[in-house]
Each structure stands twice: as C-alpha cells, then as structure tokens.
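Here the structure comes first, spelled out in structure tokens, and everything after it is commentary.
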Amino acid sequence: MADGWGVTSGTNAPSIPSDNLDNPDITSGAWRYTSSATGLPSGHAASSGTLVVTREDSASGGNARYIAHDRAGRMWNRVVEAGAAGAWEEIYTASSETIAAPYMLPEYRGLKISEFLTSDDPAVDQSAEVLNALAALMTDMRYTGLDFEGRNVGVSGVLDVAAKTGPISTSLEDKNRWLHNGQITALTAQSVTTVQKSTVDFVMGSTTAAMANAGSLAAGMSVESAYVPRCTYIVSVDTVNDTIEMSMPAWHSITNTTVDFKEYPTLLDLSGYDRLKNFTFSDFHFELDGKIGLCRLPKQGARFKFSRLQAWNVLERGVIDWGVGVTPIIFEQIFADPHDNGSDPGDRTSVFANINRNDNKIRFNQVQRFRHAWVVHGGSTVYVGNHDWQGKSTGSTRTACVVFTDKNAGAAVVANEIDNSYIELTDESASGDSNRLGDITIVGNKFTMGNEAAADVAWIELHPFTQNRKIGGIFVSDNLFRNPEGGQVTTRVEKLNTNATYGNYVTNITSSIDENDVEKVVFKDNEFTSITYETHNPMTALESRDPGSGGTNFNFNYTNYLPFGLGIKSIKACSAVRVSEDNVNKDPLYLYPRITYGTADGLTSDLHARAQFSQNVIGEVYLTVDVGKMIEA
C-alpha cells in the first residue's frame, strides 16, 4: 500500500525522519526525505530539492520498496528487506520519443499536482511545474484527471499547453480530461495587445476580410469593429493573399475601415490544439485579480464542461471560443466577476464567455457585472436558473447579460433572475440571409430593475442589424417584471432597437423589421409591478355603451401596449352584443360587428381598431388583436 509522496525541500514538508534512505524505519508510514547524498542514486544532488521519493509497503514481512524520480525523466527503484537496504537500481530513462512531460509515477498512482510542485508557497511562481502537470494530463493515456489536492498554486503568465506538448494524436485529442480540486492564483499582470489596421475590407455575409500586411496578425485575436458581430475572432491568417478568416461573418460591407485587433491573454491557453474533446474543469477557484483572463478553447472540439468554478476579477475575457467552435459547452454553478466591475455598465468592455456553436447549457450561474456575461452565436441554448446582476450606479445605462446573435436563437430562457440587466436578441451573426429573427422562449423568469436605471431600459431588446427583417417565434409568458424599489421608473418591459450599433462601435446605419411578416409573437400571463405600460399580445381591450349612450361604432386604442412598437395585423376574436329576443322562443339575438383597423374607415394609426355595428347597440364589446399576420389553414 502506498503511503504518500514527498519532495526533498519545501516550507510545507513534514518532519524529516532521523534515519536516511540507507537505514530506513520500515515500520513507520511517514514520508521519506533526505538532505544528504548518502543512499541516493549515483550522481544525483539531493541539495537541489528535486528528488521525489515514495515508499510502498509490501503486504507481509515488513518489506518495503522505494521509488524515486527526479522530474528529468529518470526513475530508480530500491528494495529494503528486514531492515537491510538494497542498492538503487535505475529502472527507467526517458527519451524524446517516449515521454512528453518530465514526470514518472509509480504503479497505481493518480495524477497529483504535488508530484510536480517545487514549492508550497502560493506566492512563488510555479508556471513551469503546472505546465508539466498539464502536459502529462494531455499526453498520457493512463490518466484522465489532474488533482490539485486542494492546493493554491501561484502562476505567472499564460499556460500555453500546446506549446509545451506539441501536436498530439487523434486518440489523445479524444481522451477524457478532468482538472479539479484546487486554486490557481495569477501573480503577474498581463497586457492586452492591440494591432490597428486602417485598410480593412469586409463583405456582408463573408468570413473573409482583406487588408494590408495581414501577416502582423495571429489566429485567436479579436476583431474589434462595428461591422462584425461581437466576440468575432481570427481563425486563420493568409499571408500570401493578405486576408484573414474570421469566426463570424461581417454583417455589413465596407472598405478601408479601421479595425483594432486585440490579443486577450488567458491563464489557460488551449488554442494551439486543432481539436479536443471531453474536457471538464470543476471544483476550482481562479484568483485572477484583474491580471489575466481564464481560458482560450481549442480551434474546435466537443463536450467541454465548466462546473462549480469561481473566477474573480477576470481581465476582459473569461472563456474564448475563437475558432470553428466547441459544441456543446456546459457552464454550470459558476461565480465570476470582471476587472471593470466598478465601472458604469455602459463603459465596461468585459465578456465572460462567447459560444460559437449549438446545443449549449448555461445553468445555475452567478456571473455578474460584466458588460455581457454571455455572447451566444450558436443556437439551441438552454439558459436556466442563472442570476444576472449588473450592479447599480445613478442614472446609468444597462447592457445585456446575455446576447443571442443568431437569427434563429432556438433558446429557452427559463427560471432566471435578471436584475438590472436584460436579454438582447439580434441577427448580427447571420444578417446576410432572409430568415426570420426569433425562435426564443422566455418563461418563468424574475426581471427586476432599480430606480437608478434610465426609464427607457427594457428587459427584452429586439435588435436587428438588417433592413426589413422578419421576426417570429418569440414567446414570453409567466414572467414577473417589477421594480422592487417602487416608482414607475421602467416605461415598458420590451423595446425595439433599430440602431445597428453596439457599445463604442457606432454606425450610422438604421435597421428595421418587416411589420407585414410577423408570426407568433406572444406576451401573455405575465405579472407587472411599477411598469408604466404593460405589454400584451394577443391584446384584448374592452369598450362599452351604457343605456342612453348607445352607438354603432366602438373605437379601440392599443397604443403602448403591443410589443416592439408593432401595429395591429390581425383580429383574433370579437364579442357580439345582445340586441333583442325572438318573439316565439324568446331566444336571445346577437349582433356581430364589422372590424376595421389601421388606416381604414378614417382610422389614423395601426394601433387603432373599430367595431362597427349595423344599428345602435348598448353593452360591452371585447376585441382581441395581434401584431402577427393571419396564418391561413
């Protein structure tokens, strides 16, 4: 049975036994250390503090086997029988062809971070040691997990794992990996590198952009421009043709525009791998202290999971999906905040994560005070149980906690608390086609807003980047919209934004939606508290006539109550009015009106409708209208 590992030096090492390895006390389960060269493998300097020794007791007879390795690829074995030490025997020598990381473990051991560390002090840089451990996780098929054993480890700079291991085989790309149970503390601040180009050409719907001297750029850099979607990155650089391939297509064509290309540093960098699958990060704390971001993903991959993590003071970007994309990605039970959390939301530049592909799960997280917590380019996202909060500042703007940029979001937003923030639905990553914008279900959420927010901030923002965009498949029901501090500071719960602009990236382009091609936009069974105008669709209004004031026309005004500034496009239902009884059976007789809306029959707005009867009537008339067109059977 193995009783533990130890290093020959370290501030956190247990007491050294009085005997050395030439005369061990094999009845004790204590870890073994030595401070002299006596008994150590020939030519090895114990004073360097690099020798790792473990003892394995045999099942009977009090015998013991000692195994030592020096992190340079050499391993020794020595057997002790009845108190008599045998000689050290070298049993393994690494070669460049057979080992990808300077480590060796005895039989039946898991992969432990303590095997690689040379200090227990979290203020001491252990970047090289952690890289060695990660390289072992990446390249050895025996091990699927790297256990940090509850340790806090200090790291300086970017851990570029692919640069350490080099290319890996397909079987290694597909193996399971699990990084868990510890903390990494960033020790030194990293800077965001910016390269500016003033002659960039974008073509709407194309992921290729041309410019002079593209060779000064690199894959993984962010493309910061008003004419490409948020969180667009360089996938590859063609130095022959001076072009780049981007992760998202441009939403507008323009020539000779100025673009900033930024390199956002992350603590873990997996971008050197073309493909990786099955990677889990769990039960981990990242103390980033505004010095660095969290993780850059591989160019493409599958089944990445970030679970039960804390990431504090993230520098600019948390998780960067920069390439073809990883699918699916699961984010769950994450607590995170950014380096710019003290700024007004409109002045922040931080994003916790962007996602380029489909079928993702974002659940039970508290990712707060980023400019955007999530920018989702892919479809079919489940967004459930999250608490999004942007903080407070007097008179401040608000920004979206989650941005869905694909026209067909295919998203389910369920049971979240969205506090001083909102959901943004755009088509910026798919603006070059004619499909409709929508396909989202928003149900059972709690939306709140403080008095400090501007009155025109809404919780659901429809933001097309295209002219005459069709919309539809937007279902909003059973939500609570409220200002818990009281006062009608929030005008309405939804809004239409027709400025093709985001953040500091401003254009003079105005977008629009095709109001004649709207299908299935539903706002129903929601609760409103301290909201000036409640939003409904379909919307039912009541008009009545008392005896003595009867008439033929009942006029209805739906101004401010229909979603996204849309007008009436169809009639869903209208009640009849009882006018008399027949003389024989005494059955009531009902009269149905003729319905007009828009600018017909002298009406002046597509928010107005009229029920017109053929004679004077008294009583109540209920008229239900819809912003969507009538669907023919």
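Results, tabulated for the structure shown:
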quantity	calculated
Residue in the range 274-290 that is within 18 Å of the chain's Cα centre (by Cα) and within 30 Å of Thr199 (Cβ to Cβ) present	no
Of all residues making up the range 443-502, the number that are touching a residue at least 40 places away in the same chain (Cβ under 8 Å), buried (at least 17 other Cβ atoms within 10 Å of the Cβ), within 15 Å of Asn526 (Cβ to Cβ) and among the polar types (S, T, N, Q)	3
Subset of the range 408-442 [among the β-branched types (Val, Ile, Thr) and under 18 Å from Phe564 (Cα atoms)]	Ile423, Thr426, Ile440, Thr441, Ile442
Any hit, the range 301-323, residues being assigned to a loop (DSSP other than H, G, I, E, B), open to solvent by 20 Å² or more (accessible area, probe 1.4 Å), modelled with pLDDT under 95 and of a type outside the set (Ser, Thr, Tyr)	no
Verdict on Glu424 being under 17 Å from Ala458 (Cα atoms) and either among the acidic types (Asp, Glu) or open to solvent by 40 Å² or more (accessible area, probe 1.4 Å) (or both)	yes
Residue list for the range 420-432, restricted to those being part of a loop (DSSP other than H, G, I, E, B) and either closer than 24 Å to Asn479 by Cα or small (Gly, Ala, Ser) (or both)	Asn420, Ser421, Ser429, Ala430, Ser431, Gly432
Subset tally (residues that are in contact (Cβ under 8 Å) with a residue 60 or more places away in the chain and touching a Gly at 6+ places or on another chain (Cβ under 6 Å)) for the range 389-407	2
Residue check, Gly150 within 25 Å of Glu115 (Cβ to Cβ) and in a loop (DSSP other than H, G, I, E, B)	yes
Positions within the range 243-270 being under 19 Å from His377 (Cβ atoms), out of contact with any Phe, Trp or Tyr (no Cβ under 8 Å at 6 or more places or on another chain) and either in a helix (DSSP H, G or I) or open to solvent by 20 Å² or more (accessible area, probe 1.4 Å) (or both), in sequence order	Glu245, Pro249, Lys262
The range 596-632, residues that are open to solvent by less than 70 Å² (accessible area, probe 1.4 Å), part of a loop (DSSP other than H, G, I, E, B), of a type in the set (A, V, I, L, M) and in contact (Cβ under 8 Å) with a residue 24 or more places away in the chain	Val627
Number of positions in the range 165-181 that are of a type outside the set (D, E, K, R), surrounded by 12 or more Cβ atoms within 10 Å (Cβ to Cβ) and more than 11 Å from Leu137 (Cα to Cα)	3
Strands (runs of 3 or more DSSP E) wholly inside the range 462-567 that include at least 1 residues being of a type in the set (Asp, Glu) and in contact with a Gly (Cβ under 6 Å, 6 or more places away or on another chain)	513-524
Of residues in the range 328-350 being open to solvent by less than 10 Å² (accessible area, probe 1.4 Å) and in a strand (DSSP E or B), the one nearest to Val192 (Cα to Cα)	Pro338
Residue among Val240, Val195 that is surrounded by fewer than 16 Cβ atoms within 10 Å (Cβ to Cβ), without any contact (Cβ under 8 Å) to a residue 12 or more places away in the chain and either in contact with a Phe, Trp or Tyr (Cβ under 9 Å, 6 or more places away or on another chain) or assigned to a loop (DSSP other than H, G, I, E, B) (or both)	Val240
Test: residue in the range 510-521 that is among the hydroxyl-bearing types (Ser, Thr, Tyr), open to solvent by less than 40 Å² (accessible area, probe 1.4 Å), in contact with a strand residue (DSSP E or B) (Cβ under 6 Å, 6 or more places away or on another chain) and within 30 Å of Thr399 (Cα to Cα)	no
Any pair with Cβ under 9 angstrom, 6 or more apart, that starts in the range 284-299 at a residue that is within 18 Å of Ala163 (Cα to Cα) and ends at one that is of a type in the set (A, V, I, L, M, F, W, C) and open to solvent by 40 Å² or more (accessible area, probe 1.4 Å)	Arg296/Val158; Lys299/Ala219; Lys299/Val324
Any hit, the range 400-419, residues being of a type in the set (Asp, Glu), farther than 24 Å from Asp359 by Cβ and not in a strand (DSSP E or B)	no
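The values are calculated or read from the model by the stated rules, or taken from the named source; none is laboratory data. Predicted, not measured: the structure shown is a model, and the values here were computed from it. All Cβ positions, even for glycine, are placed from backbone atoms using ideal geometry, and neighbour counts span all protein chains on display. Protein only, heavy atoms only, side chains kept; ligands, DNA and RNA dropped before computing areas. Shrake-Rupley method; radii C 1.70, N 1.55, O 1.52, S 1.80 Å.
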